[in-house]
Amino acid sequence: MKVFPRWFLVALFLLFPMALSSCTHLGMNRYKAEGDETLPGLKEPVTVVRDEKGMAYIYAQNEEDAMIAYGFTVAQDRLFQMELTRLFATGRISEMIGEKGEATDTRMRTIGFHRHAKRHAAILEPGTKNLMQKYLDGVNFFIQSHSGEYPLEFKLAGIKPKPWDIADSMAVFYLMSWDSAANIQTEIITQMLAEKVGLEKAREIFPLNIHPEDESAGKASIPLPASELAALGFASDKKLLAFLEDRSLQMGSNNWVTGPRLSSGGKPIVSNDPHLDARTLPGPWYPCGLITPEFRWVGVGIPGIPAMVVGRNEHIAVGVTNAYGDAQDLYVETIDPKNPGRYLEGEQSLLFEVITEKLAIKDKNAAGGMGEKEIKIRLTRRGPVISGVLSGFKTERVVTLRWAPFETMGPYIGADRIMMARSAEDIRQALSRFDIMMLNFVFADRDGNIGWIASGKLPIRSQGDGTVPYVVKDGKDNWASWIPFDKNPQLRNPPKGWLGTCNHYTVSRDYPFYYSSYVAPSYRYRRLIQLMEQPGRKSTEDHWQFQRDPMNLMAREISPIMAEALLASQDTKELGEILSQWDYLDLMDRAAPTIFQAVYREFALLVFQDELGGDLAAAMLKVYYFWQERLQRMVMEGNSPWFDNILTKDNQETRDYLFRQGALKAKEKLSSIFGPDPREWKWGKVHTLEFVSPIRREGFGKGLLGKGPHPFQGSGETLHRATFAFLDPFKVVSSASLRMVADLNDDDKVLAVLPGGVAGRFFHPHAKDQIGAFLSGEKMHWWFSDKAIQENKKTSLSLKPR
């Protein structure tokens, strides 16, 4: 292996950005934004105006032309991002990264996003199919006729874009939906807990879900005979455990709306900040304006999906959060001991359906640079087998996966009609057909109506609950029927004058159906209640500041107890003093947030590791929604048997003892990095947000193509969301992927900022130009009126029919 001298490596490091920058200035990573362009399929000319952020406003004479131009414009800015998303959704990421992607591709093929997307594409009604195809026509024209304008990223990644079809878009849609339905994590963890400590003991730490406005605890799972779940061996099955890692988007969010009585301008204001892993530039959302004689829409969508569901038009405004409706179930199924190619439903033996698929795997040693591997996917009547063979019983078992959107597909999408809605009732009608995804839609119209509806279609389970896997004993379907749309969680024009959701448990005590056992703790929504109950009308400025609110209500409950425990020992007294003086704001210049989070993290490990073991405790604790409310209740009550360490027979540990032990561990770790003075352990030093390139997430060139790390306020418990991975503190992994405040009294603009930019291209001036404003809170805008768009116009491209 040739060893290069140090001066050569330094020169390469210095010249690499200059070379790429030169390529950029020569046009190799730009696209045509001015002048004239021919776009086949158009009926009339279209004008694409771009503003100071590079955001496109598409002026078309009809909806079909608008969709063609929309697809073309998205491809200009985000073609590489679209290709990566499609590769992931369709189980083809190995074509780019080689054998490292094989397990992921196998998992994606097993779930079957693309397999079912092809089924769905075939049954779409003509109008929906036509508009989707128009969007893809625009995308495909760019792919087929503008290879000289491809993003440089394609060359560096060694791949080429291929034309899109409707099934590709539907596969991306299903991928987005999968990440909004996370109950599979709960089922895997509850099963592992039951195996480790027994079902009754495990139930003591099952999720506690609270509706803050009626203090209704989430419905507990129905007890099942311990013998049926005791020894399946989930914890040793690598295929199952991989599903605990497969949350690529980490979806959360806040949204709320104030009605006319509480809005400063007399018309509703809608606020939304969807929480995703937005570290990968340019960010998940693509902002765009579509303007035709029939409608005017400004908002954001996911590249590859021909619809936008966050934004506003002349009549309505909409924001979304994840509702976490439980659309996933795991089934424990028995292999026929007489024939491993069959499975049992009671006494009946049924043949596994077997699907064969081929993976293409990048391999420089293979012919054509691409190897091939054949995989076989087995399916029962409920869904695909996602585990290995589990041998904990006399008969061998497997685990299958069932997901509602694959069984509720219909001829309409629903989401594509939101842009054209003229009233709150129109939105409701559109969402009645939006079965593919479980989201909380908060919306308003200019007449002053406000509303919230949870979308999606969920099963009514015969066992009542989906918190633990279901053991198949016969051929009877435990999904007895479906929750009717008008029974989905929803509310219209409440007397309090506002509505909001923060991924929390939204169903009331008297809700007749099981909805979910995987939802966010109540802290963010409780804080929203406090802010909304402050006297006076709320302005757009108020909404903007609420999105950046750093008050930690979990800390306000737990920190005083923690501080008192730490003050009782000389070794931890200084930490206790800092906590006792804290105002519970997770601000960058405070040491208290660092101490609180570090100590509480160590405390949680001490509570659970002795009973569960290190691996299972870690698997549970990294899923915050599973345990945060439960552990807080244990802390507040003060005397849980889980505080005692079962490995120390002669001692009985208490809550306060564990706090002190956790503080000593945290003190040792933080001192080794930031020095011995705990007042210097500022939150902004440890809690940082770093933006990275999709093809250079680490190593040489990462900082050049990305940006950061940046000090970042907030936490997972604040409205200013900034979650860190439990097993890798304290770098932010999930935060606002967009901040939007849409005032229906302001016809010129919408307050909005992205943690990245419009263009998904290296060194493009609009790839990461919004990061500074996102971090500082500076206001940026989407322009809405013709006057505002023209005043902020920087370029104009005329698209003409062939």
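The values are calculated or read from the model by the stated rules, or taken from the named source; none is laboratory data. Quick caveat, the model's predicted, so the values are computed rather than measured. Every residue, glycine among them, receives a Cβ derived from its backbone with ideal geometry; neighbour counts consider all protein chains shown. In case anyone asks, the SASA skips ligands and DNA or RNA and just uses the protein heavy atoms, side chains included. Shrake-Rupley method; radii C 1.70, N 1.55, O 1.52, S 1.80 Å.
Check Thr467 against each of (1) of a type in the set (Val, Ile, Thr); (2) assigned to a strand (DSSP E or B); (3) farther than 28 Å from Ser263 by Cβ and name the one condition it does not meet.
(2)
If you check Gly265, Gly299, Gly289, which single one turns out to be at pLDDT 95 or above and either part of a loop (DSSP other than H, G, I, E, B) or charged (D, E, K, R) (or both)? Full working, then the answer.
Working: Gly299 fails: either part of a loop (DSSP other than H, G, I, E, B) or charged (D, E, K, R) (or both); Gly289 fails: either part of a loop (DSSP other than H, G, I, E, B) or charged (D, E, K, R) (or both).
From the options Gly265, Gly299, Gly289, the qualifying one is Gly265.
Can you find a residue in the range 737-757 that is buried (at least 17 other Cβ atoms within 10 Å of the Cβ), in contact with a strand residue (DSSP E or B) (Cβ under 8 Å, 6 or more places away or on another chain), basic (Lys, Arg) and farther than 21 Å from Met551 by Cβ?
yes
Residue check: is Asn651 open to solvent by 60 Å² or more (accessible area, probe 1.4 Å) and in a loop (DSSP other than H, G, I, E, B)?
So Asn651 passes the test.
Quick one: count up the residues across the range 658-677 that are in contact (Cβ under 8 Å) with a residue 60 or more places away in the chain and either outside any helix (DSSP H, G or I) or open to solvent by 40 Å² or more (accessible area, probe 1.4 Å) (or both).
So the answer is 5.
If you go through the range 549-589 one residue at a time, how many are under 28 Å from Asn272 (Cβ atoms) and in a loop (DSSP other than H, G, I, E, B)?
So the answer is 8.
Can you name the condition, by its number, that Ile123 falls short on among (1) open to solvent by 40 Å² or more (accessible area, probe 1.4 Å); (2) aliphatic (A, V, I, L, M); (3) under 16 Å from Pro303 (Cβ atoms)?
Looking at each condition in turn, Ile123 falls short on (3).
Output the residue which, of all residues in the range 139-154 that are over 27 Å from the mean Cα position of the chain (by Cα) and of a type in the set (Phe, Trp, Tyr), is farthest from Arg696 (Cα to Cα).
Phe141
Take the residues in the range 768-785 that are more than 19 Å from Thr73 (Cα to Cα) and not in a loop (DSSP other than H, G, I, E, B); name whichever of them is most open to solvent (accessible area, probe 1.4 Å).
Checking each candidate, the answer is Ser776.
For (1) open to solvent by 20 Å² or more (accessible area, probe 1.4 Å); (2) in a helix (DSSP H, G or I), each residue gets a yes or a no:
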{"position": "Leu605", "(1), (2)": "yes, yes"}
{"position": "Gln609", "(1), (2)": "yes, yes"}
{"position": "Asp615", "(1), (2)": "yes, yes"}
{"position": "Ala619", "(1), (2)": "no, yes"}
{"position": "Trp627", "(1), (2)": "no, yes"}
{"position": "Leu631", "(1), (2)": "no, yes"}
{"position": "Val635", "(1), (2)": "no, yes"}
{"position": "Asn645", "(1), (2)": "yes, no"}
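Determine which single condition Leu136 fails, assuming it passes every other condition in (1) open to solvent by 30 Å² or more (accessible area, probe 1.4 Å); (2) over 22 Å from Leu401 (Cα atoms).
All conditions pass for Leu136, except number (1).
For the range 482-490, indicate whether the set of residues that are under 15 Å from Asp214 (Cα atoms), assigned to a loop (DSSP other than H, G, I, E, B) and at pLDDT 95 or above is non-empty.
Yes, the range 482-490 has at least one match.
With the requirement that a residue be surrounded by fewer than 24 Cβ atoms within 10 Å (Cβ to Cβ) and either out of contact with any helix residue (DSSP H, G or I) (no Cβ under 6 Å at 6 or more places or on another chain) or of a type in the set (Val, Ile, Thr) (or both), what does the range 758-767 give you?
Once the filter is applied, which keeps residues that are surrounded by fewer than 24 Cβ atoms within 10 Å (Cβ to Cβ) and either out of contact with any helix residue (DSSP H, G or I) (no Cβ under 6 Å at 6 or more places or on another chain) or of a type in the set (Val, Ile, Thr) (or both), the range 758-767 yields His764, Pro765, His766.
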